[in-house]
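Worksheet for the structure shown next.
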Amino acid sequence: MAFQCQRDSYMKELVTSVVSCCPAGLKQEVNGKKETLKGFNVKLRDTILFPEGGGQPDDHGLIGEVPVLRVTRQGADALHFVASPVEVGQEVLVKVDWERRFDHMQQHSGQHLITALADVMFGYKTTSWDLGRQRSTIELDTNSIQPAQLQELEDAVNEKIRAHISVNVQLLSIDDPAVRSRGLPDDHAGPIRIIDIEGVDANMCCGTHVSNLSHLQVIKLLGIEKGKKNKTNLIFLAGNRVLKYAEKSYSTERSLVSLLKTGPDEHVEAVDKLQKSVKLLQKTNLSLLRDVAILTAQNFKNDPHRGNFFSFHKGEIPMRVSLLVLAGETQFNCFQETLVFLTVGEEKGAGLFLLAGPGGPVSDLGPRILELLQGKGAGKNGRFQGKANNLARRGEVEDLLRQHCKHHGSEEE
Ligand SMILES: [Zn+2]
C-alpha cells in the first residue's frame, strides 16, 4: 500500500474524489456492550487517513463534513467508515485529526529508535510493541533490564534526538535483494517501504513517521514490567505525551501537597504514616465495637422485662466485621431462647442482616425477612443471614419477629 499519508506524513488536508460508498457495519463497544453501528465504507482515489498497520492505530478525520470513525485496510485500498453516505464521484476535502496522528507518529518513530538502540547497545531484540492510549510498550527478548541499562538507553535515545538526525522513507521493489522478506502480509501491494533513520536503523514499516528525530522532542523510559516468558516490557512516552505526563504529575503533586500538608519529598513517608495510623484506628474501633456489643447484650440480659426478642442496628461501621462481632457477643454468649435480629448498613439502603435463635423459628422466619428486605441469604443451625438490598422495611421485620415471639411466648404459658 502506498497512500498519500505514507508519501507525505505531514499533509493535513487532501482534495480527492469518492470512488465508492457501500453500506457497512462497525463493531464497537459502548459502555461494555458490543454493538454494530450502521454506516458506510468509503473508498477514495487516495487518502491521508492512515489505516491501522505496523502496530500503529488508524487515523480519525473528516471527509467533507462527515466524520471518519474508523479506517481499515483491504488489499491496496483503505476503507473509511462513516455514519452518513457521501456521493460517489464527488470531489471532497479530506482532513486528518492532526493531534491524534502526530501523537502516533511520535510514538511510532520513537519505538523504531528505542528498538534500534536496545539492540545495538545490549543485544535486546524487539519481539513486539503496542501503541497504547496512555503509554506504549516494547516487548524485548530478555529476562530483565538493569536500572543502569535503562538509564543508559534513555540517555542514548535522547542524544540521537538532540542530534536532529533525518528520517527518510525509501521505496524498494518487492524483488529488490535488499528487501528482507520476513513479515510481509500475503495481500501486500505496492513497493516496500524502508524507514531509514540515518546511520542508526533501517527497517521495513508501513507506518507514518516523523521526518527528523528532533520532531520527537524527548523520550521518557518510564520503567519495565515483567512480560511473557523470558520477555521484558519496556514502557515509554514520546513527545507531547511526556509534557502531558509532567502536567498531570504536577497537578497530582499539588493536590497531595494540600491534602497531606507536606512537600512532595515527604509524600511517601506521609502516606505510609497515615496507613499505619488507619490500621491502628481500625483495630481500636473493632475492640470498642466488641465492648459495646457485650455491654448491650449484658444490659438486655439484666433487664427483668426483656422478653425473648432482641434487635440491634448499626449504621456507620464497617459492615462485615461488625455483624460478626455483634452476632458472636450477643447471641451465642448470652442467650439461648431469644430471637436476635441484627442489621448493619444504610438506614434505607443496602446492608447485611442476621437472624439467630432457636433453629425452628429461625428457618421459618428467614425467607419472610428476605422478602421484606429484598435480600439474598440462607441459614442453618439457628442462624439465617444474608445481604439486604433495602433496609427501609427493617421496622416491619421487627414487628413480624415481635409478633412471633408474643405468639410463641403465650403458647408456652
Ligand atoms: Zn514501524
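Just so you know, all these numbers are worked out from the coordinates, no wet-lab data involved. Owing to the predicted nature of the structure, the values given are computational and were not obtained by experimental measurement. Cβ: placed from backbone, ideal geometry, glycine included. Neighbour counts: every protein chain shown.
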Residue 76 versus residue 278: modelled label distance in nm, points set 7 Å from Cα along the beta carbon direction: 6.2
Cα centroid of region 340-411 to Cα centroid of region 24-52, whole Å: 54
Listed residue pairs exceeding 32 Å between alpha carbons, taken from 95/220; 38/229; 226/273; 33/248: 38/229
P(r) tail fraction, the chain - alpha-carbon pairs more than 40 Å apart, %: 50
In region 43-143, trypsin sites (Lys or Arg not before Pro) in a DSSP loop with at most 14 other beta-carbon atoms within 10 Å: 45, 125, 133
Lysines with Cα under 20 Å of residue 231, excluding same-chain neighbours fewer than 8 positions away: 125
Cα gyration tensor shape for region 4-96, rounded if a/c is under 1.5, else prolate or oblate: oblate
Under 20 Å from residue 43, Cα to Cα: aspartates and glutamates that are on another chain or at least 8 residues apart: 8, 13, 52, 58, 59, 65, 77, 87, 91, 97, 187
Proximal lysines relative to residue 314, as straight alpha-carbon distance under 22 Å, when same-chain residues fewer than 8 apart are discounted: 279, 283, 301, 348, 376, 387
Pairwise FRET efficiency - residue 228 versus residue 200, Cβ, R0 = 41 Å, nearest 0.05: 0.90
Label-to-label distance, nm, for residues given as residue 45 and residue 162 (7 Å Cα→Cβ offset): 4.8
Full-stretch length increase - residue 403, residue 270 - with 0.36 nm per residue and alpha-carbon distance subtracted: 42.4 nm
Residue 240 paired with residue 10, simple spin-label distance in nm, labels 7 Å along Cα-to-beta-carbon: 1.6
Mean Cβ count within 10 Å, highest first, over the residues of peptides 137-147, 299-309, 348-358, 275-285: 348-358, 137-147, 299-309, 275-285
